[in-house]
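Each reported figure results from applying straightforward, stated rules to the coordinates on display, with no laboratory input. Please read these numbers as outputs of a predicted model, since none were measured by experiment. Note: ideal-geometry Cβ built from the backbone for every residue, glycine included; neighbour counts use all protein chains shown.
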Amino acid sequence: MDRYTPAQIEEKWQKAWAEQGLHRTSNDLSKPKFYALSMFPYPSGNLHMGHVRVYTIADVIARVRRMQGFRVLNPMGWDAFGLPAENAAIARNIHPAEWTYQNISQMRSQLDQLGISFDWDRELATCSPDYYRWTQWIFLEFFKAGLAYQKEATVNWDPIDQTVLANEQVDSAGKSWRSGAVVERKLLRQWFFKITDYAEQLLTDLDQLTGWPEKVRLMQANWIGKSTGAQVTFTTEGGDQLVVFTTRPDTLWGATFMVLSPEHPLVEKLTTPEQASAIATYQAAAAKKSDMDRMAEGQEKTGVWTGSYAINPVNGEQVPIWIADYVLVDYGTGAIMAVPAHDPRDFEFAKKFNLPIKVVVQPEGETLEGATMTAAYTGGGVMVNSEALNGIPAGKAAGQSVEAAVQWLEANGKGKGTNNYRLRDWLISRQRYWGAPIPIIHCPNCGAVPVPDADLPVKLPEDIAFSGKGASPLAQLESWVNVPCPTCGTPAKRETDTMDTFIDSSWYFLRYPDAKNDQQAFDPAIANDWLPVDQYVGGIEHAILHLLYSRFFTKVLRDRGLLNFDEPFKRLLTQGMVQGKTYKNPRTGKYVLSIHIADLTNPVDPETGDALEVVYEKMSKSKYNGVAPGDVVDKYGADTARMFILFKAPPEKDLEWEDADVEGQFRFLNRVWRLVMEQGTGNREQRTGEEPTGNSALKTQNPKLKTPSPLSKPEKELRRAIHFAIQAITEDLAEEYQFNTAISEMMKLSNALTDAPCKESPVYAEGIETLIKLLAPFAPHIAEELWHHLGHVESVHTQPWLVVDESALIVDEITLVIQILGKTKGTIQAPAQATKEELEQYARSSDLAKRHLDGKEIKKVIVVPGKLINFVVG
């Protein structure tokens with residue numbers, strides 16, 4: 001840009017903003033608050049374009065709200081615990097903390113390059129003891145409330161390395177990322193949070209979230225998965241109880257067998273000696289399958305009879321008890337009643353193992369017989385073979401049979417109507433090092449004992465060996481594990497599991513407003529002042545778990561008396577992915593690097609000669625379609641990168657990266673630069689683009705922007721364009737955040753200024769200043785430079801947002817199209833407020849009409865107010 005580059009401008013103003021503390025959070029309580037939050041990143045070491053998009057979107061929102069008079073909180077931190085750091089420790093023979101903090105330093109400098117207005121005074125890292133001390137304290141609050149507990153749970157087990165694997169350590173083939181072994185499913189004692197206690201609140205409070213995308217609310221509702229039905233207890237021959245939940249209690253009379261999960265705790269007790277070998281073999285095979293495989297459509301049904309029976313409580317019939325892997329231990333009760341006549345999975349199972357099929361719902365006008373059925377009947381009809389329910393209309397849609405069944409069960413003490421949720425309690429245990437240690441000590445006398453608050457944080461020991469094999473590194477460090485019980489002093493052992501990293505991100509937004517507090521996780525008064533978050537921005541991949549867990553934490557801490565609101569995030573924006581152009585061989589499935597393709601207009605695989613597919617896919621190193629943010633910033637500057645990201649697509653849509661479009665935004669910013677530099681305000685050096693030197697150069701004041709009256713026609717048109725841009729862009733940035741159309745309006749205003757013949761008018765000067773202010777949140781560095789070029793001392797980012805002058809939008813004249821027999825002959829100007837009769841008179845007396853009518857007989861005049869006059873002539 002003339003005498004110096006975008007990088008030089010950006011470096012200059014980033015330094016100035018840091019010195020002035022421009023982005024520090026205002027404590028002026030007379031202003032309304034606005035909490036702008038973008039999801040914090042995992043410190044992998046490098047920003048990608050997805051990061052650029054989410055943080056640029058949030059930054060524009062924060063900058064606009066500051067100019068609109070809000071006190072804005074726009075913080076940043078690091079989701080810094082997790083498996084990748086531990087992997088790096090193993091691979092590089094360094095400590096996870098060293099790797100993590102190196103990455104944080106690098107990514108912070110990259111974010112600074114983009115000019116994101118984060119309040120770095122509130123920076124946090126979840127791996128810092130100053131943070132995870134309070135994560136542990138919150139865990140203990142859950143423990144005190146009865147919401148943290150231990151139980152046996154199924155985990156992923158590596159049989160070679162003899163260690164538990166997180167889901168992300170198991171590949172799509174069900175093999176361990178470490179050893180390559182087929183992962184088994186194994187029961188271990190694990191810690192859980194009792195999120196199911198809040199299932200109904202989490203579901204019903206979705207109605208409060210009117211500022212969330214409907215698809216996200218639906219995803220959460222489906223994940224919670226409320227079902228209405230009945231809970232019924234079957235009793236085994238030995239007197240044990242098998243509780244089942246069913247949404248179709250009306251079909252209980254058709255239950256001809258039961259199915260338990262292979263991991264159900266009663267399987268061993270129910271297995272007869274004759275069946276023990278077959279059951280053990282089946283359990284071992286099921287342990288090698290993932291839940292996804294077991295529940296997949298089209299899987300052949302397998303199972304083994306335990307040798308035992310249960311009594312159907314509604315009719316006293318004896319039904320055999322089987323185990324099958326299509327039933328999961330942690331879904332429902334881990335046991336189901338099987339009604340093969342009316343459930344496809346049960347029908348397939350019954351047919352394979354020659355089990356009875358009893359019809360209890362008969363379709364109208366038909367007679368079904370279990371022995372001759374070829375598929376389960378799941379439609380409506382009338383109840384049969386169901387004693388008290390016989391003759392009642394059947395089917396969930398009708399509802400009569402279900403309601404009648406619940407009433408019968410409750411009246412006869414056989415069951416009760418209840419709700420069930422797909423949501424399971426949250427397994428938070430992780431058998432790894434790089435996470436927040438669970439602050440519990442296991443005492444042989446006292447049981448699970450909380451670590452006293454005064455002893456928090458339970459710090460991660462540094463003298464740790466990382467092998468990637470065997471038990472958790474913490475479990476192998478006896479000097480750390482062995483401690484006295486804080487209650488009775490008996491030799492005891494620390495809990496060696498660490499917490500799921502979703503715990504860290506479930507409350508980080510509560511810490512930001514009071515990030516340096518060393519006495520509390522947060523001061524409730526401060527948190528309740530700033531929260532809920534007014535605008536949250538992040539990826540759709542977090543639409544379920546992170547958001548659900550954050551909502552759960554908020555409700556629990558509310559119930560502990562720490563918060564006074566129900567939901568953490570008022571509005572949610574889920575930005576789309578950034579996609580790059582890929583060249584893919586459809587035959588081999590391999591991707592080809594573009595620099596290896598001779599002709600990109602007709603791309604061919606250089607190795608095979610196959611024609612390549614050209615598609616846009618999510619940027620990835622493996623697809624050779626990634627674009628490094630640093631490369632774009634180095635070539636064009638951060639402002640161009642920001643403008644492209646915001647202009648290319650609406651924020652919620654996927655964005656296709658095109659170098660030509662980046663160039664287009666660079667050219668636009670250059671046009672704005674030249675427009676301001678050529679305005680004529682200031683000294684010669686400023687006009688030629690040289691950087692002003694010294695304070696005196698910045699003190700030159702603009703002419704007072706008082707609009708003269710009356711204005712000339714060009715001035716009126718320009719001022720209308722100015723205030724239309726203010727109006728349109730303000731609306732675009734109100735709630736829906738249409739950044740792309742806002743930039744389009746800036747381009748229109750730029751064009752209007754370029755074409756305006758009144759460049760010496762105060763209206764033109766008003767237009768220049770308006771354009772810079774509108775541009776400031778989007779391209780903050782160039783806007784700041786141009787603002788100071790005009791002679792202003794204060795930052796453009798401290799200026800108030802623009803207010804529309806409604807009078808400027810009033811149109812005095814309109815352009816009226818003149819037609820003869822429907823053919824356009826030209827246009828004339830007419831008063832905007834003229835009546836139809838007046839418009840006709842203006843048209844008749846115009847030189848244009850006289851010239852084309854020239855004595856012709858006018859048979860009819862059609863007047864379309866504000867648009868055209870059509871003369872129908874003989």
Q. Hey, what number do you get for the chain at 222 nm if only DSSP H runs of n ≥ 4 count, each worth -39500 (n - 2.57), divided across all residues, to the nearest 500?
A. -10000 deg cm²/dmol
Q: Compute the signed sum of charges (Lys and Arg +1, Asp and Glu -1) over the other residues within less than 14 Å, Cβ to Cβ, of V449.
A: 0
Q. With θ set to phi - 60° and the Karplus curve 6.51 cos²θ - 1.76 cosθ + 1.60, what are the ³J(HN,Hα) couplings of the stretch 282-291 in order, to the nearest whole Hz, using x for Gly and Pro?
A. 5, 4, 5, 5, 5, 5, 8, 9, 7, 4
Q. Whose amide H sits under 5 Å from the amide H of Y35, counting only residues 5 or more places off or on another chain, with H placed in the peptide plane?
A. L73, D534, Q535
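With +1 on each Lys and Arg Cβ and -1 on each Asp and Glu Cβ, and nothing else charged, work out how big the dipole of the stretch 774-874 is about its Cα centre, in Debye to the nearest 20.
The calculated dipole for the stretch 774-874 is roughly 1060 debye.
Which of the residue pairs K289/K352; K33/K759; K469/K590; K175/K416; K151/K570; K653/K759 have a Cα-Cα distance greater than 31 Å in the structure shown? Don't skip to the end; give the middle numbers.
Values: K289/K352 21 Å; K33/K759 40 Å; K469/K590 33 Å; K175/K416 43 Å; K151/K570 35 Å; K653/K759 39 Å.
Long pairs (Cα-Cα over 31 Å): K33/K759; K469/K590; K175/K416; K151/K570; K653/K759.
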Q | Given charges at beta-carbon only (K, R positive; D, E negative), |dipole| of the chain in Debye | A | 1260
Q: Starting from the amide H of G637, placed 1.01 Å from N in the peptide plane, find each other amide H under 5 Å away whose residue is 5 or more places distant or on another chain.
A: none
Q | Protection proxy ranking of 59-69, 471-481, 821-831 - average other beta-carbon atoms within 10 Å, highest first | A | 59-69, 471-481, 821-831
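Please arrange S620, S261, S308 by counting, for each residue, the other beta carbons lying within 10 Å of its beta carbon, fewest first.
Working: S620 14, S261 25, S308 20.
So the ranking, lowest neighbour count to highest, is S620, S308, S261.
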(Q) Counting C-alpha atoms alone, how compact is the stretch 226-421: give Rg to one decimal and Dmax as a whole number, in angstrom. (A) 16.3, 48
Q | Selection from N46, V556, G298 lying farthest towards where the dipole of the chain points positive, charges on Cβ | A | N46
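Have a look at the DSSP beta bridges in the stretch 226-421 and tell me what percent are antiparallel, nearest 5. Please list the in-between numbers first.
Values: 28 of 31 bridges.
In the stretch 226-421, DSSP labels about 90 percent of beta bridges as antiparallel.
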**Q.** Total formal charge among the other residues, if their Cβ is under 15 angstrom from that of Q275, Lys/Arg +1 and Asp/Glu -1
**A.** -2
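For the chain, give the share of DSSP beta bridges that are antiparallel, in percent and rounded to the nearest 5; count only bridges with both residues there.
Numbers: 79 of 102 bridges.
Of the beta bridges lying entirely in the chain, close to 75 percent run antiparallel.
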Q) Exposure proxy check: L548, L868 ranked by fewest other beta carbons within 10 Å? A) L868, L548
Q. Nearest 10 degrees, 0 to 90: what angle lies between the long axis of helix 762-775 and the longest principal axis of the chain (Cα atoms)?
A. 20
Q: Report the one residue of S845, T824, L868 whose Cα lies farthest in the direction of the positive end of the charge dipole of the stretch 813-873 (charges on C-beta: Lys and Arg +1, Asp and Glu -1; origin at the Cα centre).
A: T824
Q. In terms of modelled amide H atoms, which long-range or inter-chain residues lie less than 5 Å from the amide H of L187?
A. V155
Q.
Considering the Cα positions of the stretch 1-139, please state its Rg to one decimal place and its Dmax as a whole number of Å.
A. 17.2, 58
Q) Taking the C-alpha atoms of the stretch 578-656, how large are the radius of gyration and the largest Cα-Cα span, Dmax, in Å? A) 14.4, 42
**Q.** Additional length obtainable on full extension of the chain from R587 to D812, 0.36 nm per residue less Cα span
**A.** 74.5 nm
(Q) Suppose R0 equals 41 Å. What FRET efficiency, 1/(1 + (r/R0)^6) with r the Cβ-Cβ distance, do V872 and K713 give to the nearest 0.05? (A) 0.80
Q: For a quick protection proxy, order the peptides 852-858, 249-255 by their average other-Cβ count within 10 Å, most packed first.
A: 249-255, 852-858
Q) Using θ = phi - 60° and the Karplus form 6.51 cos²θ - 1.76 cosθ + 1.60, what ³J(HN,Hα) does each residue of the stretch 233-243 get, whole Hz, x for Gly and Pro? A) 10, 8, 10, 7, 4, x, x, 6, 9, 10, 8
Q.
Using +1 at the C-beta of Lys and Arg and -1 at the C-beta of Asp and Glu, which of L646, S117, G146 has the Cα lying farthest in the positive direction of the dipole of the chain?
A. L646
Q) How large is ³J(HN,Hα) for each residue in the stretch 13-23, as worked out from phi by the Karplus curve 6.51 cos²θ - 1.76 cosθ + 1.60 (θ = phi - 60°), to whole Hz, x for Gly and Pro? A) 7, 4, 5, 5, 5, 5, 5, 8, x, 4, 9
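With charges set only on the Cβ (+1 for Lys and Arg, -1 for Asp and Glu), what does the dipole of the stretch 578-656 come to about its Cα centre, in debye to the nearest 20? Could the numbers behind the result be given before it?
On the way: 11 positive and 12 negative charges, 38 e Å.
Roughly 180 debye for the stretch 578-656.
Going highest first, how would you order 491-500, 752-761 by mean Cβ packing within 10 Å? Walk me through the intermediate numbers first.
Working: 491-500: 20.5, 752-761: 16.2.
Answer by packing, highest mean first, reads 491-500, 752-761.
Projected area of the stretch 428-486, taken from the Cα convex hull and averaged over every viewing direction, in nm²? Kindly include the intermediate steps, with their values, before the conclusion.
Details: hull surface 18.5 nm².
One quarter of the hull surface, i.e. the mean projection, equals 4.6 nm².
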Q: Answer with a single label: of [x] 1.07; [y] 1.03; [z] 1.18, which was calculated as Rg/Rh (Cα atoms, Kirkwood Rh) from the structure in view?
A: [x]
